[in-house]
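The values are calculated or read from the model by the stated rules, or taken from the named source; none is laboratory data. Because the structure is predicted, anything quoted here is derived from the model rather than measured. Note: ideal-geometry Cβ built from the backbone for every residue, glycine included; neighbour counts use all protein chains shown.
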Amino acid sequence: MPAFDLGSSRMSHVPIFVSLGLLFGVAGLGDWATPVPSTASQGQAEAMGAEASSPSRDAIAATVIEAMRARFDGADIEFRFDTFHAERGSLRDASLSGAGQVRLAGGDAWLPIRYSALFDRFTGEVLAPQVEFDTDGAHAIATGIDRASLDAAVGGRLVEEFASQAPEFALGELKLVARDARYVLVAGSGQADFAGEGTADVGVQALYDRRAHVWLDVRYTLG
């Protein structure tokens, strides 16, 4: 299986894993064989619609890896596909989505993710990737981690976004998604109090580095 160094054109140590189905073409896009020139008019594109290119598995994987590396200060990331879906959205674009797993440098566990992106059929580019940890599998109560520092980290981010409302955050239940000797992925909930303007439920997900004793990639959603 090919491996790529995303910082250069040479081969490197970032393996890309693909499912058997993707070895034989990308589902839903197999009839797009030839790229439409970037200078093609709408009439040309319509005439060549059946010949537009499909994204390669390597292009999708590279896009997901690059998005995750940007979140983790350029750390080495391994990625493997679980599922993939493509849906034509317009004459030019297709919507890509799916699930997979990533493994961070220094860790053993494969952490579940969901991803989405756009595929530009004119240029052959995979654009606007969105990658999130998939925390639907959270089950047991997370133990042996620093709840107080996570509470403070989420609270700090809320203050940055809603400074004029002086929110106060209280972390509630925290569940385990995945863990290994170094990393612990958790998902939880809490409540934000917006200084007399009301309260809001808060969803939380974060990755804990047990070696460095620090929370990585802390994220929250309101409502």
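Quick notes on this one:
- GLY89 being exposed (fewer than 13 other Cβ atoms within 10 Å of the Cβ) and at pLDDT below 95: yes
- Looking across region 103-130, just one residue is surrounded by fewer than 19 Cβ atoms within 10 Å (Cβ to Cβ), hydroxyl-bearing (Ser, Thr, Tyr) and not in a loop (DSSP other than H, G, I, E, B), and that is SER116.
- Residue in region 192-203 that is modelled with pLDDT under 95 and in contact with a Leu (Cβ under 6 Å, 6 or more places away or on another chain) present: no
- Number of residues in region 135-161 that are surrounded by 13 or more Cβ atoms within 10 Å (Cβ to Cβ) and of a type in the set (Val, Ile, Thr): the value is 4.
- The set of residues in region 70-82 that are surrounded by 19 or more Cβ atoms within 10 Å (Cβ to Cβ) and out of contact with any Lys or Arg (no Cβ under 6 Å at 6 or more places or on another chain) comprises PHE79, PHE81.
- Members of region 91-146 that are among the small types (Gly, Ala, Ser) and within 18 Å of ALA62 (Cβ to Cβ): ALA94, SER97, GLY98, ALA99, GLY100, ALA105, SER116, ALA117, GLY124, ALA128
- In the set LEU118, LEU127, LEU174, only one residue is of a type outside the set (Lys, Arg) and not assigned by TED's automatic domain parsing to the domain that holds ALA59; that residue is LEU174.
- Of all residue pairs spaced 6 or more apart or on separate chains, those with beta-carbon atoms under 8 Å, a first member in region 162-189 that is more than 30 Å from GLY106 (Cβ to Cβ) and free of Cβ contacts under 8 Å to residues at least 40 places away in the same chain and a second member that is of a type in the set (Val, Ile, Thr) and surrounded by fewer than 21 Cβ atoms within 10 Å (Cβ to Cβ) are ALA166/VAL159; PRO167/VAL159.
- Considering each residue of region 165-174 in turn, at least one proves to be assigned to a strand (DSSP E or B) and small (Gly, Ala, Ser).
- When region 55-84 is filtered for residues that are in contact with a strand residue (DSSP E or B) (Cβ under 7 Å, 6 or more places away or on another chain), closer than 18 Å to LEU207 by Cβ and in a helix (DSSP H, G or I), the ones remaining, listed by number, are VAL64, ILE65, ALA67, MET68, ARG69, ARG71.
Each row is one residue, and each column tells you yes or no for (1) touching a helix residue (DSSP H, G or I) at 6+ places or on another chain (Cβ under 6 Å); (2) within 17 Å of GLN101 (Cα to Cα); (3) among the basic types (Lys, Arg).
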position: ARG179; (1), (2), (3): no, yes, yes
position: VAL184; (1), (2), (3): no, yes, no
position: ALA195; (1), (2), (3): yes, no, no
position: GLY198; (1), (2), (3): no, no, no
position: ASP201; (1), (2), (3): no, no, no
position: VAL204; (1), (2), (3): yes, no, no
position: ARG211; (1), (2), (3): no, no, yes
position: ASP217; (1), (2), (3): yes, yes, no
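- From ALA187, ALA195, ALA181, residue being under 23 Å from ASP73 (Cα atoms) and loosely packed, with under 13 Cβ neighbours inside 10 Å: ALA181
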